[in-house]
Structures are given as C-alpha cells and as structure tokens.
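So the structure is just underneath, and the comments pick up after that.
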Amino acid sequence: MKFVDEFRAPELIAKAGEEIRRLAAANRHYRIMEVCGGHTHAIYRFGLKDLLPENVELIHGPGCPVCVLPMGRIDDGLSLAAQENFIFAAFGDMMRVPGTHGSPLEYKARGMDVRIVYSPADALKLARNNPEKHVMFFAIGFETTAPSTALTLMRAKAEGLKNFSVFCNHIVITPALRAIIDAPDMVLDGFVGPGHVSTVIGCQPYQWIAEEAGKPVVVSGFEPLDILQSIVMLLRQLNAGEARVENQYKRVVAWEGNPAAIRAMDEVFELRSEFEWRGLGFIPQSAYQLRSSYAQWDAEQRFTVPGVRVTDPKAAQCGEVLRGVLKPAQCRLFGRECTPEQPVGALMVSSEGSCAAHYNYGHLKPITISSAAAAR
Amino acid sequence: MHDENNMATAARKIKFRETQIEMAHGAGGKASRRLVEGLFAPLLYGASQGPLADAAHIQINGTRVAVTTDSFVVKPLRFPGGSIGELAINGTVNDLAVSGAKAEAIVVTFILEAGLPTDILEAEVRAMGQAAERAGVVIAGGDTKVVEHGHADGMYITTAGIGRPLPGVEISPRSVRVGDKVLLSGPIGDHGITILLARGDLDLEAELQSDTRSVLPLVQALVRDAGAGVRWMRDPTRGGVATSLNELARDCGLGIVLFEEKIPIRDGVRGACELLGLDPLHIANEGQFLAIVGAEHAEAALSALHNTPGGEAAVVIGEVREQPESAVLVATLYGGTRMVDMLVGDPLPRIC
Amino acid sequence: MCLAIPGKIIEIDPLNTTQALVDVVGVRRKVDLGLLQDAPPVAGDWVLIHVGFAMSKISEADAADQMRTLKMLGEVAAAMEEVRGYGLENDFPDPPPQKWTH
C-alpha cells in the first residue's frame, strides 16, 4: 500500500526506536500525551510501546469522540428515532455504545430500523432512496469529520430533501486540551497532535499550547514511523528546553489546514455555548450545532429532544485517566465492573478509548520475542 | 439413581444471564461462547465436560463415527465465488475434515420463505449437488419447511454430516505443546469481506470472491504425511483466525504467537480492512483451515500442502509458547506486540 | 477519531466533478471531492480519504522528503558507532539500556 507500507518499514522503525532511546535522558521521565484516539489505536495495533524506553510514557488523550459522548445524548438520539418510519443511521463505532436502555444494535434487535453507514453521504443516499421514511444521521466526530457532515447538509439543502436530519454531536478538540492543560493535576510534558483533525484546522490552533503553556506539540501522522518520528521531534524539543508547534505530517497537513473544509463548517455550524464531555464535564465552546439556516435538517430543532442527562457512577475514574493522572489499570473498576463488554465509563466504550485499548491489546505482560525473531 | 440426580442438578446451573438474544450471540465470538457454555452446555451436555468442538467423534457399537451439524444464514444468498448452498456442503465437509474425519453423508434441511422464486431454490440445490460431487460426499436425505413471507431471508439451510475418522491422526487441544507450529492453509478474509461488499451498504467494490471450498483433500494430504504431528485443526469461519486460536489457547492453557508478516492477506481484503478499520484476523473464512503441528513435522506438513492443488499458499504463521497463557499475541518484525482477542459480536466498520 | 486512508483517484465523474472513483489497494469506492474544490485533484492524484470524503491531497514530494529524514536517523547512529570505535567513548556516552531483552 503506497503511502502506508513505507511508513511501516521495519528497519526504519528499529532506527527510530534507537534514536528515541538515545534521546531519552536517563535521569528524566517524559510524559507525552497523544491526543487522538486514532493514535491510541495505532500505538496499540503496532505495539509501539514495546519500542519505547521505560522513561518515555505515552498517555492517552480525550480524542475519542465516542468515549466522550455523554450517555444522555445516545438516549436522546435513540428516543428521537423511536418514531414511526424513522431510520437511525450512524457509523459502526456507535452501534454497540450503550445508552440507558441499550445500544443502537440492541434497539435494532427490538425492531428499530438502524443502519450502519460508512459516510454521511450514505445516510443522505438512504434518505433519497426511502422517501416515505425519515433518515436521522447520528453524527459524531471531531473537526476531521464535521466538514463532511457539513457538506452533506449543504447538499441536502440544495436538493431540498425533506426527509433527512442530523443529530449533531461534533466536538472541537482544542477546548478539551485547554481543560486538560488547565487542570491542577496536569503532569504532561508534550503532545502528539491530532494529524487528521489538523488536515482541516491546520497547526495554528495549537500555538497557545506552546506559547502560553510552554509545551511542545508535534502534529503527527498515524503510521508507526510517523508516531515514532513525532516522539523523536518532541524529545529533541524537550531536551533543548523548547516549546514549538511542529508539523511531522507534512505530506497531508498544511500549516493553514483546509480552508474549503473550514468554510463548509462555518456555513452550517456554530459553536454551542457549552457541551458536556463524558469524563471531563461541561466545556464551553467545545461543540457544534446547526445554524438556524439549517433548522429544517437539525434533528434537535425539528423534533423535541428529551434532553436526558445521565451521570456516570462516582466510582468511575474516567476523568483522571483522561488527564493522564491515572493509568487505565489503576482505575478501581478496570477489568472488574468495567470491561469492554459491560462498559461503566467513557473510556471502555469505544475500542480506541484508552481503557478499552489497554484491555483488548495490552493488559497482559509483553513477552520477550527474541526467539520469535530467531524462529522466522 | 444418585448419580442421575447429581447430573440433573449440575445440568440445571444456567450461567447465561442476558435477558434477550442478540445478533452477537450468533457471531461466533465471546457472546456466542457465553450462550453455548452458559445455557446449552449445562442443559444439554450434562456431565460430559471437555472442549466443545465443531464435530464430535462418538462410538457406535465399537465403531468411531464423526458427526457434525451446521446452519447457514447468509445475505445475500448468492455472492461472488459461491452461494449459500455451496457454503452448506463445503462447511459441513470442512467441519468434519478439521475434526480428522472424511465426510461420507450429509442430510439437509431447508427452511424456505414463502414467495421465494423457484429458480433461486433450483440454483441453490444444483450448486449443492455439484459441491457434494466435488467433495465426494453423498446427500442422503433432508427435510423442508416453509415459513411466512418476511422470515428466513429467502432461505436458511441446516445440515448434519456424518463421517469416518481418518487413520493416523488424533485431534486434541490437550496434546498441543510449547514449540508446536501454527499452519494456515491460505489467505484470510476473502469470504467475510466478499459478503460485506456484496451487501452493498458500504458502496465498495473489489475483485474478491468467497474462498468457499472443501479443504478435505488438503487435510487428507496433511494427515497422510504428517498425521502423527497434527495436534489440532480448525476451520476459522465466523470470528476468523483470532477466534479459533483464542479458543484453542483457552482450551490448552498455552500462548500462541503469530508473526504478522507471515499472515497471507490479499490486496482487496487488506484495502477493505484498512478503509473500514477491520482486522483481517476477525474476518470469516470458508475455505481455509488452521493446524497445530509438532515442530519436527512442520516441514513435511507444509510440503504435503504445497504439493496438493489448492495448498500452494500454505504457510507457518506462528508457534505455541508458554506465555502469554491462554492468549494470542501478534508480533511485528520490528519488535512490537499486541494482544488479539476474539470479538464479542460481528466486526463492525469504524471511522475513528 | 481519524481513520483516514490514502487512495488513488482512478477517474473523476464527468457528470459531477465533485465525485471520483478512488482505489485503495484493489478496493474501489466513490469519494466526494467537495472539500478539495479550491484546488481540485485529477485522476492519478493520491488523496486522504475519511468517511467517503477526500480531506487532502497527498504530497509525494513531502513523503519522499520524510523518508529521507527517517533514513538519516540510522546514519547518525552509524556515525556515532564509528566515533566510538576511535576510542572517544567518554565524549559520546552509550544510549540507555533497551527495555526488552534478547
């Protein structure tokens, strides 16, 4: 696979690993947060932690839009879709996320018309092909995904399609980072920045992290070499006492982002005054809603939303894990009351949530694989 | 009398607590296992413990006979590379083959949806006849039921197969040893991805087809040349290689390490999995099998497969270790490792 | 949050130039080019695909540049090894021990 396999080349990965070990000063402990759930997933999938020295610690950030979605929003979305002739369309990621009375797949088992879509455009297509039904697209994602939803809504409006709406849960990453950085128990030294969000918003929105909070940010791609190179770049800055925003993912991310995508979002969305993030609480200006010019396609403006609020059990320590203060296995519920199959808190709910990733991919001690190399 | 009472009491301890059946319970992963071990086993299998396998070898008047049953529920009924009828025959033959038996006869039940066009049924029955002939198995009988329109997705097929154990091989997870090799007959993911694409919801196209076929000739060659070293076999259908190997790991208590770069995957499967965020190790296969073979027999085993039509792509993809206990690990060439578990339900595409 | 994959544009739909057929290692899908209309890509271009939309063009030049930088990481290490061979160990201390043992 072009633009993929080259960035998985084993010899180069080994070299990058060596460079990291060379740079990691023996008397120092580096705490680096990878913001994006996609990075969390990649780190586990490629076993990158095995290549890092003990004193370079990766902490998983809040960039998992499924994890931070409050359960009440799922309940709201499902209760809207419980009407006659309704189709509930969502990405596969949402299908097993539990609401108070079950997940979308469980609702499907009980008779609701629930469809998995790969693209918001597919949801629009469903609406075109099913004129007698109403298709509600349950939208999630950060700024990576929001422009696609926005463009889809623009197309729906241009077509005058009446049987389509979006229940919008798009969130914005930088306010969550501010919440983490401003927290009194902040322990982080630097950030691996969200590469795909940055294809849209560019690198400029992270400047304040470097300038005000004095922490370096390296915007990173998602292949093993990308992530390792980003860690090299962070270690170099940290060792030199620098704090800058750097772009490691140049082949795809432009410093100014994608203006057309930003325009699309601007046309359709405005910021909510605040939005609840599961595990982090209410964060101002951190999520999108549809403008009144798109009221007809906004499930929240068109239908009556119950506005359910569901609080997580006090025992769940998601907030502390999200801020990197606790490791997943240190949460008192991890692996016992809270597992991927019966998730209690946010981070167990999606496969890229740090607790789920740790549970699925990494909770057993890694073995020595020297004889694996020999046996090949 | 006393024994029967005890067995009856033990048999009634249902550990399955879920209040309704979900799709996940049929997907072959953790939820399926919970249902089988928590509801079926206590009520049906009584005191006979032991790993639940695809096929059972039973004794009838001193003769060992292999018996299996399977059911086929697939949408769409026809897909590139095959159809439900072929799956039914090949799947049954394969279940018996990987238990170390040659299928002799299959009986078939059709559950047909009222309104199903006859020519569709005819095409399936033809396909089954042809598949049976290719597999060298007799279709000995069957049953038919028709259900109301709106049920059965066109048709469901169930089979029961009976076969003769192959000489020279004894399948048991308990015989698996540290150092044994994990053999895979060929590329994974073809069937599951073909079905996913054939459903049309994801708007993806690829030149892929289901790998449905009888693996009996390959198993026979393997047993002939390396039978003494074959500890265990499985056809990784729903749930994929990950599920089959996790079941083995749990049954034998040892660890299985897979070498990522050795696992054969076709381009189209890889592309679809990367695009949709799926792991090929979790995708269903209908024409491949896994075998655990003693290290000293591995070369003979591979040679036997390579020299049999259809076995050219067979490869060692891993080995059995002491650690991690009861789990499966994937190792990359550059020294990274990750756990691979069985899924709860069917693999779902993701965007995150 | 961000599963995005590189794909090659096979052809642009002549009836609707915001739609293109893209190939990802043998899998094909219609992809929406609506977010790249400021500098529309053409057949043969590589784009980054997320939820059926092209997010960005992939720059071969930048990718090649990056590979060069990455290859050089090893060269620095080799140079240091050579220097160590000249008996200058005190000026170039050993790297910290590896986490996994052989």
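The values are calculated or read from the model by the stated rules, or taken from the named source; none is laboratory data. None of the values given here were measured: they were computed from a predicted structure. Every residue, glycine among them, receives a Cβ derived from its backbone with ideal geometry; neighbour counts consider all protein chains shown. Please note that ligands, DNA and RNA were not included when accessible areas were found on the heavy atoms of the full protein model with its side chains. Shrake-Rupley method; radii C 1.70, N 1.55, O 1.52, S 1.80 Å.
Entry for the stretch A:119-213 at q = 0.19 Å⁻¹: log10 I(q)/I(0) = -0.87, Debye formula applied to identical alpha-carbon scatterers, no solvent contribution. Extension gain, A:Arg332 to A:Thr311, is 5.8 nm, computed as 0.36 nm per intervening residue step minus the present C-alpha separation. Angle between the Cα long axis of helix A:71-81 and the longest principal axis of chain A, 0 to 90 degrees, nearest 10? Once rounded, the angle reads 30 degrees.
Taking both sides together, the accessible area buried where B meets A is about 3800 Å² for a 1.4 Å probe.
On the principal axes of its alpha carbon atoms, the stretch B:203-250 extends 47, 29, 11 Å, with the longest extent given first. Taking springs between alpha-carbon atoms closer than 10 angstrom, which of A:Val172, A:Val35, A:Val252 fluctuates most in the Gaussian network model of chain A? Checking each option, the largest mean-square fluctuation is seen for A:Val252. With q set to 0.16, 0.21, 0.23 Å⁻¹, the log10 of I(q)/I(0) for the stretch B:54-165, from the Debye formula over equal scatterers at the Cα positions, is -0.69, -1.06, -1.22.
By the Cβ distance rule (another cysteine Cβ under 4.7 Å), the unpaired cysteines of chain A are A:Cys36, A:Cys168, A:Cys203, A:Cys318, A:Cys331, A:Cys338, A:Cys355. A simple rule links phi to the HN-Hα coupling: the Karplus curve 6.51 cos²θ - 1.76 cosθ + 1.60 with θ = phi - 60°, which for the stretch B:253-269 gives x, 9, x, 10, 10, 9, 9, 3, 6, 8, 6, x, 9, 6, 3, x, 5 Hz, with x for Gly and Pro. If you wrap the tightest convex hull around every Cα atom of chain B and split its volume per residue, you get 165 Å³. Each part reduced to its alpha carbon centroid, the stretch A:263-336 and the stretch B:276-300 end up 42 Å apart. Between the Cα long axis of helix A:173-182 and the first principal axis of chain A there is an angle of about 50°, rounded to the nearest 10. Based on C-alpha pairs under 8 angstrom that are at least 6 apart in sequence, chain A has a relative contact order of 21 percent. Accessible area buried by the pairing of C and A, both sides summed with a 1.4 Å probe, works out to roughly 4400 Å². Remark: the stretch A:175-297 carries 34 Å² of accessible area per residue (probe radius 1.4 Å; ligands, DNA and RNA excluded). What residue among A:Val192, A:Val310, A:Val114 shows peak mean-square fluctuation when chain A is described by a Gaussian network model with Cα springs under 10 Å? Per the Cα network of chain A with a 10 Å cutoff, A:Val310 tops the list.
Amide H to amide H distances under 5 Å link A:Asp298 with A:Val166, where only residues 5 or more positions off or on other chains count and H is placed in the peptide plane.
Shown here are the Rg and Dmax of the Cα trace of chain A, at 21.2, 67 Å. Whole-percent P(r), the stretch B:131-208, all Cα pairs, 10 Å bins from 0: 10, 21, 32, 27, 9, 0.
Around the amide H of B:Arg231, modelled in the peptide plane, lie the amide H atoms of B:Ile292, B:Val293, B:Gly294, all under 5 Å away and 5 or more residues distant in sequence or on another chain. Relative contact order for the stretch B:54-165: what percent, with Cα pairs under 8 Å and sequence separation of 6 or more? Relative contact order comes out at 41 percent.
Round to a whole number: what % of the accessible area of the protein assembly as shown belongs to carbon and sulfur, probe 1.4 Å? Result for the protein assembly as shown: 52 percent of the exposed heavy-atom area is carbon or sulfur. Under 17 Å from a point 7 Å along the Cα-to-Cβ line of A:Trp208: which residues of the stretch A:274-295 have their amide N that close? Residues A:274-275, A:282-288 fall inside that zone. Each part reduced to its alpha carbon centroid, the stretch A:56-127 and the stretch B:314-337 end up 35 Å apart. Cross-link list A:Lys327/B:Lys30; A:Lys108/C:Lys8; A:Lys2/A:Lys215: which exceed 30 angstrom alpha carbon to alpha carbon? Correct reply: A:Lys108/C:Lys8; A:Lys2/A:Lys215.
Extending 7 Å from the Cα toward the beta-carbon at both B:Thr118 and C:Glu75 defines two label points whose distance is 7.7 nm. The stretch A:29-52 and the stretch B:113-177 have their alpha-carbon centroids 46 Å apart. Normalised radius of gyration (Cα atoms, divided by 2.2 N^0.38 Å) for the stretch A:205-297: 1.40. Taking every alpha-carbon pair in the protein assembly as shown and binning the separations at 20 Å intervals from zero gives 15, 47, 33, 6, 0 percent. Of A:Phe282, A:Phe222, A:Phe191, the residue with the greatest mean-square motion in the GNM of chain A, using alpha carbon springs below 10 Å, is A:Phe282. Normalised by the number of residues in chain B, the mean separation of alpha-carbon contacts (under 8 Å, six or more apart) gives a relative contact order of 21 percent.
Placing pseudo-labels 7 Å out from each Cα toward the beta carbon at B:Lys262 and A:Ser292 gives an inter-label distance of 6.7 nm. In this structure the amide hydrogen of A:Ala287, modeled in the peptide plane, comes within under 5 Å of the amide hydrogens of A:Val172, A:Arg272, none closer than 5 places in sequence on its chain. A helix-only calculation puts chain A at -9500 deg cm²/dmol for mean residue ellipticity at 222 nm, using -39500 (n - 2.57) for each DSSP H run of at least four residues, averaged over all residues. Scalar couplings 3J(HN,Hα) for the stretch A:306-312, obtained by applying the Karplus form with A = 6.51, B = -1.76, C = 1.60 to θ = phi - 60°, are x, x, 6, 10, 10, 9, 6 Hz; x denotes Gly and Pro.
Computed from backbone phi with θ = phi - 60° and the Karplus coefficients 6.51, -1.76 and 1.60, the 3J(HN,Hα) list for the stretch A:143-154 is 5, 5, 9, 4, x, 5, 5, 4, 4, 4, 5, 4 Hz; x is used for glycine and proline.
Going by alpha carbons, how many degrees (0 to 90, nearest 10) lie between the helix axis of A:259-268 and the longest principal axis of chain A? So the inclination is approximately 40 degrees. Remark on the stretch B:173-339: hydrodynamic radius 16.1 angstrom, per the Kirkwood mean of 1/r across alpha carbon pairs.
In this label model, B:Ile14 and B:Glu312 are separated by 5.3 nm, measuring between points 7 Å along each Cα→Cβ vector.
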